[in-house]
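What follows is calculated from the coordinates using simple rules that are stated; it is not laboratory data. Keep in mind that this is a model prediction, so the values were computed, not measured. Glycine gets a Cβ as well: all are built from the backbone with ideal geometry, and neighbour counts include every protein chain shown.
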Amino acid sequence: MKKILTIILVSLMILTLAACTAKPEETVDTGKMSEKAQEDHEDNLETFSPEAAEYYLEKATGIKAADIEPDWEWEFASKYSALGEDGRGLFTFTKKDGELTDEEIDTYFKKVFDKTAAVSQDGYNIIGYEFVGEGENALDPTTLEDALGGWLQGWAFRVDDTIYTVYVSSEYDNDKESEFDRLFYYNAVKVDIAQGMQKGWDDYMSDIEENQDEIEEALKDFAN
């Protein structure tokens with residue numbers, strides 16, 4: 001059973017990567033940067049860097065890093081605070097010299113929620129296939145309260161018919177004790193925006209069944 005699950009997961013990754021690479025990069029402003037200039041620029045970007053995170057996030061969604069920066073004084077506390085990959089931008093903003101209040105965390109999540117809704121083609125955020133529950137439609141609108149209500153916090157939005165998933169979380173420092181009535185010393189917020197699932201698990205499973213021979217061949221090539 002474990003082997004079968006592994007094959008399924010790898011197969012899903014292959015299908016997802018194939019779908020992503022096959023899609024034209026419609027959101028790139030070619031008037032500002034030629035295709036060759038884009039390639040050269042991307043070749044020189046360090047994956048774990050604010051520059052890469054901002055570049056790929058803006059390229060995919062039109063969102064700039066400044067649009068989702070916290071209003072309190074912050075820093076990138078480590079090299080891994082920012083990550084940029086094709087269609088994905090991740091940031092971890094750590095508060096300078098202090099602990100985050102619940103209000104500061106909630107206000108920040110609302111800022112990101114409002115920004116993704118503003119750039120979305122629908123004018124609102126959607127539930128997303130990663131967060132959809134039984135009886136729900138993944139493309140239905142969601143609220144911030146619902147998006148933060150589960151054990152996995154996040155939502156989705158659409159740009160140019162591509163679904164992007166937003167994961168948010170509050171991060172804590174194990175070496176410090178909270179000054180508030182909380183178990184952890186929360187001092188950072190993390191937001192990860194990336195291309196998400198474009199359809200449900202049942203549809204992906206159907207794709208696997210229909211493309212079984214190609215997937216098996218791809219897995220063999222991957223193993224070799």
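Among 122-129, 69-76, 207-214, sorting by the average number of other beta carbon atoms lying within 10 angstrom of each residue, highest first, gives 122-129, 69-76, 207-214. Fully extending the segment from E209 to D160, taken as 0.36 nm per residue of separation minus the present Cα-Cα distance, adds 14.8 nm. Here the Karplus relation 6.51 cos²θ - 1.76 cosθ + 1.60, evaluated at θ = phi - 60°, turns the backbone of region 202-207 into coupling constants of 4, 5, 5, 5, 5, 4 Hz, with x for every Gly and Pro. Projecting the Cα positions of T101, G128, A82 onto the charge dipole of region 28-148 (unit charges on Cβ atoms of Lys, Arg, Asp and Glu, taken about the Cα centre) puts A82 furthest along the positive direction.
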